[in-house]
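The structure under discussion appears below in the form of structure tokens.
What follows is calculated from the coordinates using simple rules that are stated; it is not laboratory data. Because the structure is a prediction, the values reported are computed rather than measured. Note that we place each Cβ from the backbone using ideal geometry, even for glycine, and neighbour counts take in every protein chain shown.
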Amino acid sequence: MKKGIIAIIVVVILVFIGYSFFKGFYNTAITLKEDATAQWGNVESAYQRRADLIPNIVNTAKGYAEFEQKTLTDVIEARSKATGVNIDPANITPEQLAQFQQAQSGVSSALSRLLVTVERYPDLKANENFKELINELERTENRINVERNRYNEAIRPYNKHIKTFPNNIVNNFIGNFEEMGYFEANDGAENAPEVNFDFNNDAA
């Protein structure tokens, strides 16, 4: 009789320990994922701000008839492609993020080429509206870098939580949590053309 009671007590204790562990793993994973998802919203907001600036930049440059139209078309097409890539914030996989980053890199490259071209048009560089747009673009690019870094920092504890032992075993059992993708440095970024955003020293 006593052995039966002891066995029941042991089983109850083991069940309670198992429940507490599963509960702790699940609740922590949810909290960390929510933090990362919230930061993703800041990343999207920064990129959206850049997308909103592009039409004004392009329209201002269009006012200069001699400005290379292909350069403007490339920017518009890159923007259209980037805004067409949507990510479910509840399921940011490495593959989805790589696709998103590739599209946004296309925008960055097109804008870099536009700004290099602008150097050949002193009247456009001297345009006060255009200068303010470019200054705002610079601030936005800086914000994008900040938010991307913060996103990487936010997902690191989440990915670590679901991948380390014994949490990885629990996660494989319940199958609820997938690894989230990191922003990575673009291939060839170290060779990217240097773009001068400083329009204070305009050509005469």
With the checklist (1) of a type in the set (Lys, Arg); (2) surrounded by fewer than 16 Cβ atoms within 10 Å (Cβ to Cβ); (3) within 18 Å of the chain's Cα centre (by Cα) in hand, flag the one item LYS33 doesn't pass. (2)
When the stretch 41-82 is examined, which residues are found to be small (Gly, Ala, Ser), touching a residue at least 60 places away in the same chain (Cβ under 8 Å) and crowded, with 16+ Cβ neighbours inside 10 Å? ALA46, ALA61
Take the residues in the stretch 120-129 that are out of contact with any Phe, Trp or Tyr (no Cβ under 8 Å at 6 or more places or on another chain) and touching a residue at least 40 places away in the same chain (Cβ under 8 Å); name whichever of them is nearest to TYR182 (Cα to Cα). ASN129
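This table checks each residue for (1) within 22 Å of ASN42 (Cβ to Cβ); (2) in contact (Cβ under 8 Å) with a residue 60 or more places away in the chain.
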site: GLY84; (1), (2): yes, no
site: ILE87; (1), (2): yes, no
site: GLN101; (1), (2): yes, yes
site: LEU115; (1), (2): no, yes
site: ASN145; (1), (2): yes, no
site: ARG150; (1), (2): yes, yes
Take the residues in the stretch 48-78 that are over 22 Å from the mean Cα position of the chain (by Cα) and aliphatic (A, V, I, L, M), then tell me which one is farthest from VAL116 (Cα to Cα). ALA65
Would you confirm whether or not the stretch 14-36 contains a residue that is assigned to a helix (DSSP H, G or I), of a type in the set (Asp, Glu), within 30 Å of ASN149 (Cα to Cα) and touching a residue at least 24 places away in the same chain (Cβ under 8 Å)? yes
